[in-house]
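A short write-up of the structure that comes next.
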Amino acid sequence: MKYDGLDTAALAARLGVPSCLALERVTSTLDIIHELAVEGAPCGALVLADEQVSGRGRQSRRWYSPKGGGVWLSSLKRPSRPVEGGVLALRTGLAVVRALTDLDVVAKLKWPNDVMLHDRKLAGVLCEARWRGPEIAWVALGIGINVHGPLPEEIAGRAISLDEVLPGVDRLMVLDALMPWIRDLCDRPNLDESECLEFGQCDWLVDRAIREPVEGTARGVDRTGALVVETPSGIEHVVGGNVVPA
Ligand code: BTN
């Protein structure tokens, strides 16, 4: 099929990926990318969909993915060395923020990788690793970016679409900005100092009081991608869970 007027060969060339599959309706682009990975698809393979009928988010949440409403993509990574899924997911969130910056949109990251705009969620990242024995065989990076509203009433209070701040934006503009950052995503096992600093510059939670998964004040991330929380009994490093501001 054509995706915003481009066939898959044109998309792959334009986005600089080794292969691109654009589908009209899928359960989840993550399902498709895992299937392709089993068949031997190369690192960088990309799946786009117009619509996902079972789009999924972190912690088994549903990801609203209506036809033409956003960029619903999955990209295949085959890390050449062991890397924590959490580190890759955090880097992917940073990549989305960089892409938005390139579009002159200043977004924030709510740990680990909710992309926030005006305190509402614009985009989300879900990374799924598959293992071969003790080694990572591949990681599917799933990225959802709300591009066109209106959003349904039940999520409009906490979610936002890009066209609210960037009228006239389309999915290809978002992909053009995003894919260079995704292509070059590094697979170093830990975040380096500059990545931690970069996270600090767009950290939506920093210095906010939180009540879950632990009570305290958010103080950025460490090199492993864990959230650093100052609690009454000392510093804690949170590796999972859902952060709820106090
Ligand atoms: C989250 O914020 O909880 C993560 C949302 C991730 C959504 C994207 S859309 C493309 C890919 N396919 C899915 O089913 N989920 C991810």
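Taking the criterion of being part of a loop (DSSP other than H, G, I, E, B) and within 15 Å of the chain's Cα centre (by Cα), the residues of the range 99-132 that qualify are Ala107, Trp111, Pro112, Asn113. Kindly establish whether Arg91 is in the same structural domain as Trp181 (by TED's automatic domain parsing), closer than 23 Å to Cys196 by Cα, of a type in the set (Lys, Arg) and crowded, with 17+ Cβ neighbours inside 10 Å. Yes, satisfied. Which one is farthest from Trp138 (Cα to Cα), of the residues in the range 44-85 that are assigned to a loop (DSSP other than H, G, I, E, B) and without any contact (Cβ under 8 Å) to a residue 40 or more places away in the chain? Of everything passing the filter in the range 44-85, Pro66 is farthest from Trp138 (Cα to Cα).
When Gly220, Gly240, Gly200 are screened for being part of a loop (DSSP other than H, G, I, E, B) and either open to solvent by 70 Å² or more (accessible area, probe 1.4 Å) or not β-branched (Val, Ile, Thr) (or both), only Gly240 passes. Here the range 133-156 is the region considered, the condition is being under 24 Å from Ala99 (Cα atoms) and open to solvent by 40 Å² or more (accessible area, probe 1.4 Å), and the residue that is nearest to the ligand (Cβ to nearest atom) is His148. When every residue of the range 102-111 is checked against the conditions, at least one turns out to be charged (D, E, K, R), out of contact with any strand residue (DSSP E or B) (no Cβ under 7 Å at 6 or more places or on another chain) and modelled with pLDDT of 95 or more. Would a scan of the range 12-27 turn up a residue that is open to solvent by 20 Å² or more (accessible area, probe 1.4 Å), of a type in the set (S, T, N, Q) and without any contact (Cβ under 8 Å) to a residue 24 or more places away in the chain? Scanning the range 12-27 turns up no residue that is open to solvent by 20 Å² or more (accessible area, probe 1.4 Å), of a type in the set (S, T, N, Q) and without any contact (Cβ under 8 Å) to a residue 24 or more places away in the chain. Regarding Val165, is this residue at negative phi, within 16 Å of the ligand (Cβ to nearest atom) and of a type in the set (Val, Ile, Thr)? Spelling it out, it is not the case that Val165 is at negative phi, within 16 Å of the ligand (Cβ to nearest atom) and of a type in the set (Val, Ile, Thr).
When the residues of the range 6-34 are narrowed to those that are touching a strand residue (DSSP E or B) at 6+ places or on another chain (Cβ under 8 Å) and under 14 Å from Glu128 (Cβ atoms), which ends up farthest from the ligand (Cβ to nearest atom)? If we take residues in the range 6-34 being touching a strand residue (DSSP E or B) at 6+ places or on another chain (Cβ under 8 Å) and under 14 Å from Glu128 (Cβ atoms), then His34 is farthest from the ligand (Cβ to nearest atom). Does Ala89 meet the test of being within 13 Å of the ligand (Cβ to nearest atom) and either part of a helix (DSSP H, G or I) or more than 12 Å from the chain's Cα centre (by Cα) (or both)? The answer is yes for Ala89. The residues in the range 195-240 that are within 24 Å of Leu185 (Cα to Cα) and either among the basic types (Lys, Arg) or under 18 Å from the mean Cα position of the chain (by Cα) (or both) can be counted, and the count is 18.
The values are calculated or read from the model by the stated rules, or taken from the named source; none is laboratory data. On a predicted model such as this, the values are computed, not experimentally measured, just so you know. Don't worry about glycine lacking a Cβ; one is built from the backbone with ideal geometry, like all the others, and counts go over all protein chains shown. Accessible surface areas use protein heavy atoms only, side chains included; no ligands, DNA or RNA. Shrake-Rupley method; radii C 1.70, N 1.55, O 1.52, S 1.80 Å.
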